[in-house]
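The values are calculated or read from the model by the stated rules, or taken from the named source; none is laboratory data. All values reported here derive from a predicted model rather than from experimental measurement. Using ideal geometry, Cβ is built from the backbone for each residue, glycine included, and neighbour counts are taken over all protein chains shown.
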Amino acid sequence: MSEEKEAFGEWMIVELMGHRRVAGWVTEEHRFGVALCRIDIPETQAGPARTQLYGGQAIFGMHAVTEETARAVAASVMPPEPVQRWEMRQLPAGAPPRDVEPVDVDEEEIPY
């Protein structure tokens with residue numbers, strides 16, 4: 001007997017490890033052989049629209065809410081800051097990263 005699974009999608013507030021909240025349209029997405037929580041966070045004055053994926057172990061709690069509530073929470077939560085220079089290991093000027101051979105790439109071959 002084959003059982004079809006209904007696709008999950010709902011506006012939610014998601015608590016991550018009890019320390020961070022995000023809000024948006026939540027679905028389940030399978031990547032790397034596991035199910036992940038996909039959160040599509042709408043664009044707000046606090047930041048652009050973005051998608052974040054989390055494993056089940058990172059989720060502390062999930063709260064189903066209305067779209068209006070999810071958008072209001074998304075607007076009140078600041079997006080995480082991008083990586084800062086001080087977080088990255090410094091290399092001597094002009095030195096390639098260790099264990100990486102320089103590669104000659106024809107710019108016209110890059111697909112973007």
- Task: Tell me which of these residue 25 doesn't satisfy, since it passes every other one: (1) more than 24 Å from residue 75 (Cβ to Cβ); (2) modelled with pLDDT of 95 or more.
- Result: (1)
- Item | Residue that is farthest from the chain's Cα centre (by Cα) [pool: residues in the stretch 39-56 that are part of a loop (DSSP other than H, G, I, E, B) and loosely packed, with under 15 Cβ neighbours inside 10 Å] | 45
